[in-house]
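Can you keep this structure in mind? I'll have questions shortly.
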Amino acid sequence: MDWILLQDVVNGLSAGLCYALLAIGFTLIFGVLSAVNFAHGEVYMLGAFAGLMIALALSPPLIVVVLVVGAIGALLGVGLERIAFRPLRRSRDEAALKSRALREATLLSSLAVGIVVRELAEIAFGGDMQPIPDRLMINDPIPWGEIVFARGDFIIFGAACVMLIALQIFLHRTRVGLGIRAVSNDLIGALYSGVDADRVIVWTFAVGSSFGAMAGLLVGLYYGTIFPYMGFAPTLKAFVAMLMGGLTNIPGAVACAILIGLAESLSVEVLSSRWVGIVPYVLLLVALLFFPNGLFGRRVDRA
Amino acid sequence: MRRRLPLGVLIVVFAVLPAVLTALGQGYLFRLAELTMIFVILATSLNLLTGTAGLVSLGHAAFYAIGAYTAGIVSLRFHTGLEVSLPASALVTGLIALIVAIPAVRLVRIFFTVATLSVGEIINVVITNWDGLTRGPMGLRGIPPARVFGFDLGGRLGTFYVIATVCSAATWIVWRLTHSYYGGALRALREDDQSAGAMGIDVGRLKVGACAVSGALAGVAGCLLAHSTGFISPDMFGIDESILILTMVVVGGLGSVPGAVLGAAVLILVPEIGREAGHFRMVFVGLVLYLAILLRPTGVLQEAVSLRFARETKAVATGDQRSPALR
């Protein structure tokens, strides 16, 4: 047993948990709308920027920053839904709500909103990584035998666990959560039972984006990488996780996100670091072609 | 009147435009006209795939890159002219598009889109890291200008005419394909591939064919880029270029060939007006894409316009066998 390998496992786990936080938002939104939110990565990026600015200006304890960023993320999600998704949902017709045309239109509109936001962020902050003072970073090492943990590993692990448990309580113990599960399961059935679909969709965006923004901040402070393009690669990995998990299966998506994180960090041992970037894309193609229903997904209708 | 339009366009492209540009005497304007025509090829070829066949692709720039690199590598290693590198680009890119398409067309809708996105990224990573073949992030330098069978066409006018000829030919090919039985079959499977399949259309083969043709034409565009700029590097073919090409198609009108031409012209030329504010280029692309989807989802010159025009000009096979007097 190699200590380096164990170290890779630790790194992979914490990276995977970050992807999991993003994947949750993706999976929630896909479950409710059957639409891909291509602007999710920009929420992640804005969350990191907002958190960094708050931390620099006021230096409150980390937990406060994370919670404030969560709230900002929720607002961003609601705004995004208003701008990129609601205007295209012109018809109240049930079939139109999950139609193919709507799905492709929202894919492109969220992509467009994402580009505009990212490019404006690049104009405002510059394309380079933001300087982060050491006191804000959460990667101070905690040696344990031969392996070295970072403080961020524990913070991210703890935050992810808290968020996942909170999400399960939200989905299974509240009325809105019931609505989200109902719409996700069967939109038309939910509408006939009197569920306010618009409200459910707004809530879904708020919860999903809030998780995304908090993930962005934690990842940014852990790796010290806060820059306008930071959202692109993690978004794609979160998408892969959603797909491998079976599209609407949140625990499945989390498990697959961790798997992707592990695959990435273990592949460093085999591939040169320049080629590691290819791993998530290859995983995506493999998942799409060989597991179209996800690793543990039940059979779903053709999307 | 309408039958004279294609002739008019050809006269403008081959006589008026070069004359005006030569009179103005600015190399920059020539460069801009060439770039516009290269993107016309890219937009019309993507339109065949995304507009007519309904397969939204976010990886078109990767095929553009393969074409450019094929042309660059072939002409640098073997010192051959355009007569070799143009077919080589089309063939290599078409083959790779075919290989990618065979598994990918099983995917439907957004899954196809995300698959093309990741294929594009994989191709970009390979080009960036395969130092031995592509010289990696440094890019290929000193690609010779266009030369056909030993005739040097590298001058300002020569390059312009080469690109204009290939661009017209490519647009004509896509136009004929779009407004033929083949195009009709693609439209049928776009609307509902299951019912198209039930009516005897070989859905899989048609989709793979559309991918291959579209990829090969993108490769041709890449070849022209390589010979006209002389320098190519991986960052010229990123995801932003794919989004740019897709935006051209959406703005012009999905399925509409004149729309794709218009979209390419608008999205290349308009940002150049404010080129001091170069940073705002992608902001402009994003805003245009957003507004187009919101306000005019069928595009400026929607497919119906293109179809009506095709029917009225009768220059193409729409199945109308009536005598000219009855039309």
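The values are calculated or read from the model by the stated rules, or taken from the named source; none is laboratory data. It should be emphasised that the depicted structure is a prediction, and the values quoted were computed from it without experimental measurement. Counting neighbours? That spans all protein chains shown, and the Cβs are built from the backbone with ideal geometry, glycine included. Each accessible area value is taken on the protein alone, full model and side chains, heavy atoms only, with ligands, DNA and RNA left out. Shrake-Rupley method; radii C 1.70, N 1.55, O 1.52, S 1.80 Å.
Do you know which residues across the range A:29-42 are open to solvent by less than 10 Å² (accessible area, probe 1.4 Å) and part of a helix (DSSP H, G or I)? Explain how you work it out, then say what you get.
Restricting attention to the range A:29-42, the residues satisfying the condition of being open to solvent by less than 10 Å² (accessible area, probe 1.4 Å) are A:29, A:31-32, A:35-37, A:39-41.
A:29, A:31, A:32, A:40, A:41 - these are the residues of the range A:29-42 that are open to solvent by less than 10 Å² (accessible area, probe 1.4 Å) and part of a helix (DSSP H, G or I).
Could you please give the count of residues in the range B:97-121 that are more than 23 Å from residue A:37 (Cβ to Cβ) and at pLDDT 85 or above?
6
Hey, residue A:114 hits all of (1) part of a helix (DSSP H, G or I); (2) open to solvent by 20 Å² or more (accessible area, probe 1.4 Å); (3) within 14 Å of chain B (Cβ to nearest Cβ) but one; which does it fall short on?
(2)
Let me ask another. I'd like the residue in the range A:288-303 that is outside any helix (DSSP H, G or I) and open to solvent by 50 Å² or more (accessible area, probe 1.4 Å) and, out of all such residues, is modelled with the lowest pLDDT.
A:302
Let me ask something else. For the subset of the range A:136-180 comprising residues that are within 22 Å of residue A:20 (Cβ to Cβ) and of a type in the set (Lys, Arg), which member is surrounded by the most Cβ atoms within 10 Å (Cβ to Cβ)?
Only one residue tops the list, namely A:151.
Confirm whether residue A:255 is of a type in the set (A, V, I, L, M) and modelled with pLDDT under 80. Can you show your working first?
Values: of a type in the set (A, V, I, L, M): yes; modelled with pLDDT under 80: no.
No, not satisfied.
So, in the range A:259-287, how many residues would count as being surrounded by fewer than 16 Cβ atoms within 10 Å (Cβ to Cβ) and polar (S, T, N, Q)?
2
Right, next: Can you name every residue in the range A:117-135 that is open to solvent by 30 Å² or more (accessible area, probe 1.4 Å), closer than 24 Å to residue B:242 by Cα and either hydroxyl-bearing (Ser, Thr, Tyr) or out of contact with any helix residue (DSSP H, G or I) (no Cβ under 7 Å at 6 or more places or on another chain) (or both)?
A:128
Check the range B:111-134 and report whether any residue there is more than 12 Å from every other protein chain (Cβ to nearest Cβ), touching a Ser or Thr at 6+ places or on another chain (Cβ under 9 Å) and open to solvent by less than 10 Å² (accessible area, probe 1.4 Å).
Yes, the conditions are met somewhere in the range B:111-134.
Only one residue in A:59, A:109 is of a type in the set (Ser, Thr, Tyr) and within 14 Å of another protein chain (Cβ to nearest Cβ). Which one?
Going through A:59, A:109 in turn, the sole match is A:109.
Would it be correct to say that residue A:20 is open to solvent by less than 10 Å² (accessible area, probe 1.4 Å) and under 30 Å from residue A:143 (Cα atoms)? Explain how you work it out, then say what you get.
Details: open to solvent by less than 10 Å² (accessible area, probe 1.4 Å): yes; under 30 Å from residue A:143 (Cα atoms): yes.
So residue A:20 passes the test.
In this structure, does residue A:102 turn out to be in contact (Cβ under 8 Å) with a residue 40 or more places away in the chain, more than 14 Å from chain B (Cβ to nearest Cβ) and surrounded by 14 or more Cβ atoms within 10 Å (Cβ to Cβ)?
For residue A:102, the condition - in contact (Cβ under 8 Å) with a residue 40 or more places away in the chain, more than 14 Å from chain B (Cβ to nearest Cβ) and surrounded by 14 or more Cβ atoms within 10 Å (Cβ to Cβ) - is not met.
Please count how many residues of the range A:222-234 are open to solvent by less than 10 Å² (accessible area, probe 1.4 Å) and either among the β-branched types (Val, Ile, Thr) or more than 11 Å from the chain's Cα centre (by Cα) (or both).
The qualifying residues number 2.
Please state which one of B:242, B:214, B:233, B:180 is more than 17 Å from residue B:34 (Cβ to Cβ), within 14 Å of chain A (Cβ to nearest Cβ) and not acidic (Asp, Glu). Quick ask: steps written out before the conclusion?
On the way: B:214 fails: within 14 Å of chain A (Cβ to nearest Cβ); B:233 fails: within 14 Å of chain A (Cβ to nearest Cβ); B:180 fails: within 14 Å of chain A (Cβ to nearest Cβ).
Of the residues listed, the single one that is more than 17 Å from residue B:34 (Cβ to Cβ), within 14 Å of chain A (Cβ to nearest Cβ) and not acidic (Asp, Glu) is B:242.
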